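A.B. asks: Would you mind keeping the following structure in view while I ask a few things?
Every read-out reported here was derived from the displayed coordinates using simple, explicitly stated rules and does not represent laboratory data. What you see is a predicted model; the values in this text were computed from it and never measured. Don't worry about glycine lacking a Cβ; one is built from the backbone with ideal geometry, like all the others, and counts go over all protein chains shown.
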Amino acid sequence: MMKKSIFTLLVMLCFMLTVLCSCKSDKTNSTKTENNVTNTEKENTTAKENVTSAKEENKTPKEVQLTSEEKKKLDTFFSNFSEAYLEPFKSESITDDALIDFGVMHCYINNRKSFETVDAANLKVKSELVSSAVQKYFKKNINENKSTKQYKYKNGYYYVPAADGEAFTFSQIESLNELGNNLYTAFVNVYSASSGWTGNVHGTPGEWKKGEDAPELTGKYKATIQKDANSNGNNSYILIDYAKR
């Protein structure tokens with residue numbers, strides 16, 4: 001009877017020890033889990049703070065102080081778009097039609113000798129030259145050479161009416177802000193004058209008022225541009241998006 005009581009007591013002691021160990025283990029695991037949750041929350045908070053910080057930095061981009069030569073170069077760069085009457089577009093949404101219209105008009109204005117005479121009223125230019133202009137200013141390929149509302153395409157050529165006397169249109173950069181990763185936001189003013197105007201396109205409205213037929217402000221644009229990595233150190237740019245403001 002005595003032995004049986006001792007055995008029962010030992011069994012009860014073992015059971016109590018097991019329960020105690022189990023409780024301690026649960027408490028330890030619970031503490032570890034709580035610590036893991038706390039660390040994860042800290043990491044998430046840090047990540048959110050980094051994102052917020054980046055957004056705040058982007059809200060106040062750094063303005064670039066342009067030299068006279070840099071300003072003239074950007075004036076010329078943006079004039080390529082205004083003189084071709086490029087329509088506003090968002091990044092990656094520009095159409096083949098818009099690219100073709102730009103390429104044809106750019107060649108017509110800046111490389112007239114590349115056009116061949118069709119008849120007294122029409123000229124034509126090789127599609128390769130149009131594609132080259134698009135590649136230079138947008139770093140994009142035309143997916144399909146085709147006729148647009150403005151220009152007819154046939155057998156590797158775009159056809160253009162031979163006409164002169166259109167308004168003289170040009171651009172001037174107002175300011176340039178650095179966004180990082182070779183990206184910049186540009187604020188641009190577009191001016192128009194008669195086709196016979198011969199003033200200084202890099203001048204100021206104050207200077208133009210001294211003469212007759214002064215250019216008029218006809219548009220204000222906000223654009224994103226990127227330095228061309230393959231420009232051989234010439235600080236060439238490509239147009240990413242183009243919006244009215």
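A.B. asks: How far, in nm, would the chain grow between Asn182 and Ala243 when pulled straight, counting 0.36 nm per residue and subtracting the alpha carbon separation?
C.D. replies: Separation in residues times 0.36 nm, less the Cα-Cα distance, equals 20.0 nm.
A.B. asks: Between Ala120 and Leu66, what length comes free when the chain is fully extended (0.36 nm per residue of separation minus the Cα-Cα distance, one decimal in nm)?
C.D. replies: Length gained between Ala120 and Leu66: 14.9 nm.
A.B. asks: A follow-up question, please. Under 13 Å from a point placed 7 Å out from the Cα of Glu87 along the Cα-to-Cβ direction: which residues of the stretch 123-152 have their backbone N that close?
C.D. replies: 148-151
A.B. asks: Which of Ser131, Ser175 comes first, and how do the rest follow, when ranked by fewest Cβ neighbours within 10 Å?
C.D. replies: The fewest-first ordering by Cβ neighbours comes to Ser175, Ser131.
A.B. asks: Which trypsin sites (Lys or Arg not before Pro) in the stretch 150-225 pass both tests, a DSSP loop state and at most 16 other beta-carbon atoms within 10 Å?
C.D. replies: Passing both the DSSP loop test and the Cβ count: Lys209, Lys210.
A.B. asks: Here is a further query. By its C-alpha gyration tensor, with a ≥ b ≥ c as the square roots of the eigenvalues, how is the stretch 117-195 shaped: rounded for a/c under 1.5, else prolate for a/b larger than b/c, else oblate? Don't skip to the end; give the middle numbers.
C.D. replies: On the way: a/c = 3.76, a/b = 1.47, b/c = 2.55.
Verdict is oblate for the stretch 117-195.
A.B. asks: Continuing with the same structure: List the residues whose amide H sits under 5 Å from the amide H of Val64, counting only those 5 or more places along or on another chain, with H placed 1.01 Å from N in the peptide plane.
C.D. replies: Hits under the 5 Å cutoff: Leu176, Asn177, Glu178.
A.B. asks: So, one more: Multiply the residue separation of Glu216 and Ile109 by 0.36 nm, subtract the distance between their alpha-carbon atoms, and state the gained length in nm to one decimal.
C.D. replies: Going from the current span to full extension adds 36.5 nm.
A.B. asks: Show the residues, 5+ positions off or on another chain, whose built amide H is closer than 5 Å to the amide H of Tyr237.
C.D. replies: Sorted by chain and number, the residues that satisfy this are Asp228.
A.B. asks: Can you sort Val160, Val130, Val118 from fewest to most other Cβ atoms within 10 Å of each residue's own Cβ?
C.D. replies: Sorted ascending by nearby Cβ count, the order is Val118, Val160, Val130.
A.B. asks: Would the stretch 62-244 count as rounded, prolate or oblate if I go by the C-alpha gyration tensor, calling it rounded below 1.5 in a/c and otherwise prolate when a/b exceeds b/c, oblate otherwise?
C.D. replies: Oblate.
A.B. asks: Listed here are the pairs Lys149/Lys222; Lys71/Lys149; Lys90/Lys210; which of them are more than 32 Å apart at the Cα?
C.D. replies: Where the Cα-Cα span goes over 32 Å, the pairs concerned are Lys71/Lys149; Lys90/Lys210.
A.B. asks: Shifting gears a bit: Which of Ile238, Ile109 has the fewest other C-beta atoms within 10 Å, and how do the rest follow up to the most?
C.D. replies: Values: Ile238 19, Ile109 14.
In order of increasing Cβ crowding within 10 Å: Ile109, Ile238.
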